[in-house]
Each structure stands twice: as structure tokens, then as C-alpha cells.
Amino acid sequence: VGPNYKRPPVNPPPRFRGDVNWQTNSFGDIPWWELFKDDALQSLIRTAVSNNYDVRIAAARMEEANAILVEARAAYYPHVGYTGAVGIGKNSLEGNAVPNTRQGRWYEALGNASWEIDLWGKYRRLKESAKAQYLASAEAHNDITISLIATVAQDYFQLLALDRELEIARDTTNSFERSLTLLDRKSVV
């Protein structure tokens with residue numbers, strides 16, 4: 001019970017931090033396979049995303065929230081049910097004990113249908129809540145995936161930088177060894 005949610009009015013300034021022309025496209029909207037052109041990095045990211053337990057848990061929670069949303073939507077439709085029974089017995093009539101009677105048979109079929117009018121908004125609010133939960137879980141799944149991709153990419157580039165530093169250190173060591181060899185030859189002459 002209650003009013004429908006309305007977003008509060010927001011009056012943003014016409015310009016944010018000066019006259020800079022901000023782009024509306026976000027760097028985060030670019031697919032990672034278009035952003036990172038390195039085949040080794042793409043392979044690492046694919047492996048990380050497919051094998052990460054946090055991403056799997058987030059995907060399972062998203063599926064769970066979707067099932068809850070479908071269940072909440074089902075409350076808008078009528079509910080139909082049926083039951084049936086068949087009985088045969090001696091000293092009984094329609095399932096009740098009756099002394100000194102012959103063998104009897106009985107059949108029973110029942111059906112029902114019900115539909116609750118959402119007069120007070122109970123089902124509408126349940127649906128809104130389930131939809132909000134689904135959207136939150138979908139966003140959490142995206143956040144976890146983006147965080148994982150960023151971590152893998154950052155570690156990969158850090159490893160490349162460390163490899164380059166090691167190569168520079170080896171080149172520097174070789175240069176010093178050559179300089180030392182030249183100085184030793186010069187001092188001998």
C-alpha cells in the first residue's frame with residue numbers, strides 16, 4: 001500500500017567544472033575484446049571470466065532473482081486447481097464406514113479457480129520489489145565481471161612492465177660488463 005515511486009526532481013547545472021565538452025559515451029561501455037587487442041590478454045580474460053566463482057555466484061543470484069520476478073508476475077493471473085479420487089471398498093459408502101453393506105465404489109472430482117484482485121497493491125509492490133532485486137543482481141554481476149576484467153588486465157600490464165624492466169636491467173648489466181672489459185683492456189695496455 002502506498003504511492004508509486006517517483007524519482008525526485010534533480011536540477012543539474014548546465015555545465016560541470018567549466019567549459020569542458022564532456023562526452024556521453026563511457027569508457028566502460030566499450031566491450032573489453034575491442035578495448036584490449038592483445039591475444040594473450042584476451043585469452044586470460046576469457047579464462048578468468050569463465051572460471052571465476054564470484055562471477056558464477058553472481059550469475060546464479062541473477063537467475064534466482066529472475067525466477068522470483070517471474071513468480072511475482074504470476075500473482076496477476078488466476079489460479080486453477082483440480083483434484084480427483086476413486087475408491088472401492090467393503091462396508092463403505094463414499095469413503096465413510098457403513099456397517100453391513102456390500103462392496104461399493106465412489107468417484108470424486110473437484111475443481112477450483114481463484115483470482116485475487118490487487119485492490120491494495122500487494123502484488124504490484126511485490127513485483128516492483130522483485131524487479132528492483134533483479135536489476136540490482138544484474139548490476140552486481142556486471143560490476144563483478146568488470147572488476148575481474150580490470151584486475152586481470154592490470155596484472156597483465158604490470159607483468160609486461162616488470163618483464164621490460166628485467167630486460168632493461170639485463171641490458172644495463174651487459175653494458176656495464178662490456179664497459180668493464182674495455183676499461184680492463186685499456187688499463188693493461
* Asked: Taking 0.36 nm per intervening residue step and subtracting the Cα-Cα distance, what contour gain separates I117 from S187 on full extension?
  -> 14.9 nm
* Structure fact -> Around H141 (Cβ within 14 Å, Cβ-to-Cβ, excluding H141; K/R +1, D/E -1) the net charge comes to -3
* Asked: Of all GluC sites (Glu not before Pro) in the stretch 109-184, which ones are in loop regions per DSSP and have a Cβ with at most 12 other Cβ atoms within 10 Å?
  -> E116
* Asked: How far, in nm, would the chain grow between A140 and L162 when pulled straight, counting 0.36 nm per residue and subtracting the alpha carbon separation?
  -> 4.7 nm
* To do: Express in Å², to the nearest 10, the accessible area of H79 obtained by rolling a 1.4 Å probe over the protein heavy atoms while all chains stay in place.
  => 100 Å²
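Using a cut-off of 10 Å between beta-carbons, work out the net charge of the residues near D118 (Lys and Arg +1, Asp and Glu -1, D118 not included).
Counting the neighbours of D118, the net charge comes to +3.
The values are calculated or read from the model by the stated rules, or taken from the named source; none is laboratory data. Note that the structure is a prediction, hence the values are computed from the model and not measured. Neighbour counts run over all protein chains shown; Cβ positions are idealised from the backbone, glycine included. Quick note on the areas: whole protein, heavy atoms, side chains included, nothing else; ligands and nucleic acids left out. Shrake-Rupley method; radii C 1.70, N 1.55, O 1.52, S 1.80 Å.
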